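One structure, pasted below without further comment.
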Amino acid sequence: MLWQATLRWQRMVTAALRPTGLTHVQFVLLAATRLLEDRTGPPSQRELADHAGTDTMMTSQVLRSLESAGLVQRHPDPGDGRIKRLTATAEGRRVATDAERVVDLLDRKFFAGAGDRQDLLQLLAALAGHDDDASRPNL
């Protein structure tokens, strides 16, 4: 049933994001880029992949599409040219904000019948292997 609930939720997120022009994974990586950038400065591609729990090669490919769309920029790290630092463009920030509102509303409706939100987040964090970080956003 968890698999079926996940698939239903993913279909709903995909449909909700369609007007933003983002796929689900593009949304996750764009929103996470903005979040990390605001918290600690421009993240590296590796830091982004680690935060989002995504494969580094897939992250790089998705970032190329976000860069082509003018939503993120990749810059060499001043201390190590092999490392790429990420920034969300003004348009990327706008799109991310719009998409976050859409997904947050969908999540609130989808999970409304699942009981207390904090309890649910703690359960999902435990299932995802994030027992030590139950406050981690579900990006």
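The values are calculated or read from the model by the stated rules, or taken from the named source; none is laboratory data. These figures come from a predicted structure and were not determined experimentally. Cβ atoms come from the backbone with ideal geometry, glycine included; neighbour counts cover every protein chain shown.
Could you go through region 126-136 and let me know if any residue there is hydroxyl-bearing (Ser, Thr, Tyr) and at pLDDT 90 or above.
Keep residues of region 126-136 that are hydroxyl-bearing (Ser, Thr, Tyr), which gives 135.
Next, from what is left, pick out any that are at pLDDT 90 or above: none.
There is no residue in region 126-136 that is hydroxyl-bearing (Ser, Thr, Tyr) and at pLDDT 90 or above.
Right, something else. Which is in contact with a Lys or Arg (Cβ under 7 Å, 6 or more places away or on another chain) and hydroxyl-bearing (Ser, Thr, Tyr), of SER44, SER60?
Of SER44, SER60, the one residue that is in contact with a Lys or Arg (Cβ under 7 Å, 6 or more places away or on another chain) and hydroxyl-bearing (Ser, Thr, Tyr) is SER44.
With respect to ALA88, determine if the residue is within 22 Å of ARG8 (Cα to Cα) and either modelled with pLDDT under 95 or under 16 Å from the mean Cα position of the chain (by Cα) (or both). Before you say what the answer is, go through the steps one by one.
Values: within 22 Å of ARG8 (Cα to Cα): no; either modelled with pLDDT under 95 or under 16 Å from the mean Cα position of the chain (by Cα) (or both): yes.
The answer is no for ALA88.
Residue check, ASP107 against (1) touching a Leu at 6+ places or on another chain (Cβ under 9 Å); (2) in a helix (DSSP H, G or I); (3) touching a residue at least 24 places away in the same chain (Cβ under 8 Å), all met but one. Which one?
Failing condition for ASP107: (1).
Taking the residues in region 60-89 that are touching a helix residue (DSSP H, G or I) at 6+ places or on another chain (Cβ under 7 Å) and among the β-branched types (Val, Ile, Thr) as candidates, determine which candidate is nearest to GLY41 (Cα to Cα).
The qualifying residue nearest to GLY41 (Cα to Cα) is THR87.
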